[in-house]
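Student: This is the structure, below, for whatever I ask next.
The values are calculated or read from the model by the stated rules, or taken from the named source; none is laboratory data. These figures come from a predicted structure and were not determined experimentally. With ideal geometry, Cβ positions are generated from the backbone for all residues, glycine too; neighbour counts draw on all protein chains shown.
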Amino acid sequence: MRPGELRHAEWSEVDLDGALSSRLKKMKMRKAHHVPLSRQAIALFREVMAASGPSGYVFPSIRTRARPMSENTINAGLRRLGYASDEMTAHGFRAMASTLLNESGKWHPDAIERALAHADDDKVRAAYHRGAHWKERVEMAQWWSDYLDQLRKGADIVPLPKRGAR
């Protein structure tokens, strides 16, 4: 999801048993966007639910549950973690995911674009290509979460060849 869509997510849009988040409103292009949830995402949502409750905003404002968290909250958290604004932003996670999913060579580019809720620039193609690539997106969501878990554990370091050696 885009950071704004995540901020405005409501518990009524999250189906933890069905492993699905459905953004039926508030989307950039006003189109429904269904997001498959990995096991890790479901576990995180369950933890958040324990803190924020089972109704209303998933991420409510610290001041009032009637509003979502501030648009600056995620970026402020990144700054506190030591990331400068030119190193990482909330929206930058989408670019990172797109890049790494494409570079992995494991996923069809159309599935990645659908996962990011991107519209097809080719209007004729968009009129005819309506596939959601759902099965692949479910597998991709789980692969992505597993990949992030591996990074958190510490990635394998590939030694670089010594200068002059081939």
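Student: Is one or more of the residues making up the range 118-138 at pLDDT 90 or above, of a type outside the set (S, T, N, Q), out of contact with any Lys or Arg (no Cβ under 8 Å at 6 or more places or on another chain) and within 14 Å of A97 (Cα to Cα)?
Tutor: Checked against the condition, which is being at pLDDT 90 or above, of a type outside the set (S, T, N, Q), out of contact with any Lys or Arg (no Cβ under 8 Å at 6 or more places or on another chain) and within 14 Å of A97 (Cα to Cα), the range 118-138 yields no hits at all.
Student: Further, regarding this structure: Tell me which residues, restricted to the range 72-100, are among the hydrophobic types (A, V, I, L, M, F, W, C), assigned to a loop (DSSP other than H, G, I, E, B) and farther than 29 Å from A111 by Cβ.
Tutor: Within the range 72-100, L81, A84 qualify.
Student: Give the number of residues within the range 40-51 that are surrounded by 13 or more Cβ atoms within 10 Å (Cβ to Cβ) and either in contact (Cβ under 8 Å) with a residue 24 or more places away in the chain or in contact with a Ser or Thr (Cβ under 7 Å, 6 or more places away or on another chain) (or both).
Tutor: 5
Student: Only residues in the range 1-25 that are surrounded by 15 or more Cβ atoms within 10 Å (Cβ to Cβ) count as the first member; pair them with residues that are among the basic types (K, R) and not in a helix (DSSP H, G or I), Cβ under 7 angstrom, at least 6 apart or cross-chain, and list the lot.
Tutor: From the range 1-25, the pairs are M1/R23; R2/K28; E5/R23; E5/K26; H8/K26; E13/R23.
Student: Which numbered condition in (1) surrounded by fewer than 16 Cβ atoms within 10 Å (Cβ to Cβ); (2) in contact with a helix residue (DSSP H, G or I) (Cβ under 6 Å, 6 or more places away or on another chain) is the only one that P68 fails?
Tutor: Among (1) surrounded by fewer than 16 Cβ atoms within 10 Å (Cβ to Cβ); (2) in contact with a helix residue (DSSP H, G or I) (Cβ under 6 Å, 6 or more places away or on another chain), P68 violates only (1).
Student: P60 fails exactly one of the following numbered conditions: (1) surrounded by fewer than 17 Cβ atoms within 10 Å (Cβ to Cβ); (2) farther than 22 Å from L116 by Cα; (3) without any contact (Cβ under 8 Å) to a residue 24 or more places away in the chain. What is the number of that condition?
Tutor: So the condition that P60 fails would be (1).
Student: Further, regarding this structure: Need the failing condition index for A32 against (1) within 19 Å of H91 (Cα to Cα); (2) small (G, A, S); (3) at pLDDT below 90, just the number.
Tutor: (1)
Student: Looking at (1) under 25 Å from M140 (Cα atoms); (2) modelled with pLDDT of 95 or more; (3) more than 16 Å from the chain's Cα centre (by Cα), which one does R67 not meet, given that it meets all the others?
Tutor: Condition (1) is where R67 drops out.
Student: Please give the number of the condition Y57 fails out of (1) more than 16 Å from L6 (Cβ to Cβ); (2) at pLDDT 95 or above.
Tutor: All conditions pass for Y57, except number (1).
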